[in-house]
Amino acid sequence: MHLPKPSPLQLLSLLLALVLPPLAIAAQAAAPAPFSAQYRVLRDGDAIGQATLSLSDARNGEYVFSNVTRGSAGLAALLGLDISESSHFLWRGDAVQDLGYSYHMQSAFKSITRSTAFDWPGDRITLRDGHAQQHYAAVPGTVDRNLAVLVLALHVAAGARGTVVVPVAMADHVSQQHYAIAATPVGVRVPAGDYQAYAVQRSDADNGLRAWFAPPMLAPVRMEQRDGKGTVYLLELERAPR
């Protein structure tokens, strides 16, 4: 694959990577506690399955944040839809350092596998989609889109309000995504109960993520994602973290 010549911005990112730490959450942030939470999944208001979000503590400061969704109703059940995402990262003091991300979707008629590898010593991100590969320069603090959800939860739990910027690894570049964290919580009712939660919404894209977090709980109470075709996917907490 032919790779374009790095732009001045990419060269600057490479230079900054030598002197800047991983993505800092907040001063003196506590290490995240492992959890497992269950959700009902809806597509345009119709239930299609269940999801489990979990954070596990491996060893030597390494964690795994995973999202497993299984179709159990409607077309998703008919197709045997099964989606799993997992992110491996290090927790160092008050910072998240992404190590790698994997995505696998399986249905009766289709199978998709993608992965993202972070080479921090080499300042490079590699995305693999099937047999294709894409390489581009790393930006300090970059995380994959799955881990971005946990990063936002950590920001809210650490007391961040207003705008936060999260660098997210996309197909061929790092996207500096802006999120607005509400100053005050609002009441949110989900199958697991009633919560006072802070709304978080991507402020630089119309189809970006919206989520509600009730600190100190890191699992989102509710999470909404719009795809490019206008379809709305919704996760609502069905069983609180344990």
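General observations
- Of the residues making up the range 171-197, those that are among the aliphatic types (A, V, I, L, M) and at pLDDT 95 or above are V174, A180, I181, A182, A183, V186, V188, V190, A192, A197.
- Residues considered: A180, A211, A205, A199. Of these, the only one that is within 17 Å of the chain's Cα centre (by Cα), buried (at least 21 other Cβ atoms within 10 Å of the Cβ) and of a type outside the set (S, T, Y) is A211.
- Output for the range 123-133, where each listed residue is crowded, with 17+ Cβ neighbours inside 10 Å and assigned to a strand (DSSP E or B): I125, T126, L127
- Count of the range 41-78 residues which are loosely packed, with under 15 Cβ neighbours inside 10 Å and either in a helix (DSSP H, G or I) or modelled with pLDDT under 80 (or both): 9
- Top-ranked residue in the range 86-122 [being touching a strand residue (DSSP E or B) at 6+ places or on another chain (Cβ under 6 Å) and acidic (D, E); ranked as surrounded by the most Cβ atoms within 10 Å (Cβ to Cβ)]: D98
- Of all residues in the range 109-150, those satisfying the criterion of being in contact with a helix residue (DSSP H, G or I) (Cβ under 8 Å, 6 or more places away or on another chain) and of a type in the set (G, A, S) are A137, A138.
- Every pair of residues 6+ apart whose Cβ atoms lie under 7 Å, when the first sits in the range 206-222 and is without any contact (Cβ under 8 Å) to a residue 40 or more places away in the chain while the second is hydroxyl-bearing (S, T, Y): W212/Y198; A214/Y195; V221/Y195
- The criterion of at least 1 residues that are over 29 Å from G93 (Cα atoms) is met by the following strands (runs of 3 or more DSSP E) wholly inside the range 149-242: 186-190, 193-202, 222-226, 232-239.
- Every listed requirement among (1) modelled with pLDDT under 95; (2) under 27 Å from R239 (Cβ atoms) is met by S111 save one, (2).
The values are calculated or read from the model by the stated rules, or taken from the named source; none is laboratory data. This one's a predicted model, so the numbers in the text were calculated from it and none came from an experiment. As a convention, Cβ positions derive from the backbone with ideal geometry for all residues, glycine included, and neighbour counts pool all protein chains shown.
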